[in-house]
Amino acid sequence: ISKYHADVWAEVYYCVAVEKVRCVGDFLLRRTGIGCGEGQGLDCVKRVAEEMGKLLDWDRKRVAREVVGYRKEVKERYTVR
């Protein structure tokens with residue numbers, strides 16, 4: 001799923017079940033730090049959102065909003081001003 005983070009699936013399941021993560025940005029940026037490392041999690045954001053969607057019963061629109069929202073958050077975070 002991610003060339004930088006081979007164990008991301010286990011982290012998705014754990015964070016949703018135990019830590020009660022409810023958004024992709026929280027998972028990638030704050031709970032795991034994947035979004036702060038190489039690639040910023042952009043290589044796996046869509047699949048992470050899809051998997052979280054299955055676990056949290058999101059519809060396709062919610063999955064898409066999570067992906068767009070995360071990409072926007074990363075862009076804003078890493079844009080030099």
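The values are calculated or read from the model by the stated rules, or taken from the named source; none is laboratory data. Computed from a predicted model, the values in this text were never measured in an experiment. Every residue, glycine as well, gets a Cβ built from its backbone with ideal geometry; the counts of neighbours run over all protein chains shown. Surface areas here come from the heavy atoms of the whole protein model, side chains and all, with no ligands, DNA or RNA. Shrake-Rupley method; radii C 1.70, N 1.55, O 1.52, S 1.80 Å.
Residue 19 fails exactly one of the following numbered conditions: (1) exposed (fewer than 15 other Cβ atoms within 10 Å of the Cβ); (2) without any contact (Cβ under 8 Å) to a residue 12 or more places away in the chain; (3) not hydroxyl-bearing (Ser, Thr, Tyr). What is the number of that condition?
For residue 19, the failing item is (2).
Return the pairs, sorted by first residue and then second, in which the second residue is open to solvent by less than 30 Å² (accessible area, probe 1.4 Å) and not hydrophobic (A, V, I, L, M, F, W, C), the first residue lies in segment 22-41 and is part of a helix (DSSP H, G or I), the beta carbons are less than 6 Å apart, and the residues are 6+ apart or on different chains.
24/66; 24/70; 25/70; 28/35; 28/41; 29/35; 34/41; 35/41
Taking segment 1-21 only, how many residues are among the aliphatic types (A, V, I, L, M), part of a loop (DSSP other than H, G, I, E, B) and modelled with pLDDT under 95?
Total meeting the criteria: 2.
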